[in-house]
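**Q** Quick one: structure below, then a few questions.
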Amino acid sequence: MSLRPDLAAIAAHVAPGSRVLDIGCGDGALMAELESASGCDARGIELDGELVERCVSRGLSVVQGDANADLANYPDKAFDYAILSQTLQTATRPDLILDELLRVGRRAFVSFPNFAHWRTRAALMLGGRMPVTRALPVSWYETQNIHHVTVDDFRDLARLKGAAIERAWFFANEQQIGAPAANWRAEFAVFELSR
């Protein structure tokens, strides 16, 4: 099974043998890849009980928990990497989650749908409604997204939090694209951060 493009970018840049915490790990696809291909010690935290069961049945080390509260239980720099993929926009306080990521991990990866993508903007401008797109596949009332983050918003948040952006990747139509004008061209973004 192939990984989503954002997860593949993360997997390609995690050093072999690293200790990894995947927050909001979903079905554990990234964790399984990191363990099998890179020999990582991958741990996960997931809110959805059914996904936790699925991960555990695959032999993955996943606990049920809420990143908004439970990251505080992890010690400082316990992991080489803390990963938050497609979860930042669902957090109660993304700014505080970013602090926690950079506290428990020496480095952090964050990926999210870019709400400033041109298709999203066009749907709002021309249709006057919240869009349903590849990046935002469900109607506004079904989505878990409670914060609408853009590439430029995230860069500002990282700067505000004293986080260094080590690298960034941007994707449209499941393909990696260049950084120029990523705020309106990218459907998804991935950032690697340190502090």
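No lab work stands behind these numbers, since they all come straight from the coordinates. Note that the structure is predicted; figures quoted are calculated from it, not measured. Here the Cβ is made from the backbone with ideal geometry for all residues, glycine too, and neighbour counts use every protein chain on show.
**Q** Based on DSSP loop calls and a cut-off of at most 15 other Cβ atoms within 10 Å, the longest stretch of the chain free of exposed chymotrypsin sites (Phe, Trp or Tyr not before Pro) is what? Don't skip to the answer; put the middle values down first.
**A** Values: sites that count: W140, Y141.
It runs 1-139.
**Q** Using Cα-Cα distances under 8 Å and only pairs 6 or more residues apart, what relative contact order does the chain have, in percent? Kindly include the intermediate steps, with their values, before the conclusion.
**A** On the way: 377 pairs, mean separation 39.1, N = 195.
Value for the chain: 20 percent.
**Q** Which net charge results when you count Lys and Arg as +1 and Asp and Glu as -1 among the other residues whose beta-carbon is under 12 Å from that of L51?
**A** Once positives and negatives cancel, what remains is -4.
**Q** Counting only DSSP beta bridges with both residues in the chain, tell me the antiparallel percent, nearest 5.
**A** Numbers: 17 of 36 bridges.
Within the chain, antiparallel bridges account for around 45 percent of the total.
**Q** Right, here's the next one. For A72 and A37, compute 0.36 nm times the residue count separating them, minus their Cα-Cα distance, and round to one decimal in nm.
**A** Going from the current span to full extension adds 9.6 nm.
**Q** If you don't mind, another one. Only one of the values (1) 8, 33, 35, 19, 4, 0; (2) 11, 42, 36, 10, 1, 0; (3) 9, 37, 38, 14, 2 was calculated from this structure for P(r) over Cα pairs in 10 Å bins from 0, in percent; name its label.
**A** Here the calculated entry is (3).
**Q** Of the trypsin sites (Lys or Arg not before Pro) in region 1-88, which ones lie in a loop per DSSP and count no more than 14 other C-beta atoms within 10 Å?
**A** Details: sites: R19, R43, R54, R58, K77; in loops: R58, K77.
Of the trypsin sites (Lys or Arg not before Pro), the ones in loops of region 1-88 whose Cβ has at most 14 other Cβ atoms within 10 Å are R58, K77.
**Q** Can I ask one more? Per-residue HN-Hα couplings for region 175-181, Karplus 6.51 cos²θ - 1.76 cosθ + 1.60 at θ = phi - 60°, whole Hz, x for Gly and Pro?
**A** Once rounded to whole Hz, the list reads 10, 6, 10, x, 6, x, 6.
**Q** For I165, what is the net charge nearby, where nearby means another residue's Cβ is under 14 Å from its Cβ and Lys, Arg count +1, Asp, Glu -1?
**A** Summing Lys/Arg as +1 and Asp/Glu as -1 gives +1.
**Q** Right, next: Once you've got the GNM for the chain with C-alpha springs shorter than 10 Å, pick whichever of G17, G39, G59 has the biggest mean-square fluctuation.
**A** G59
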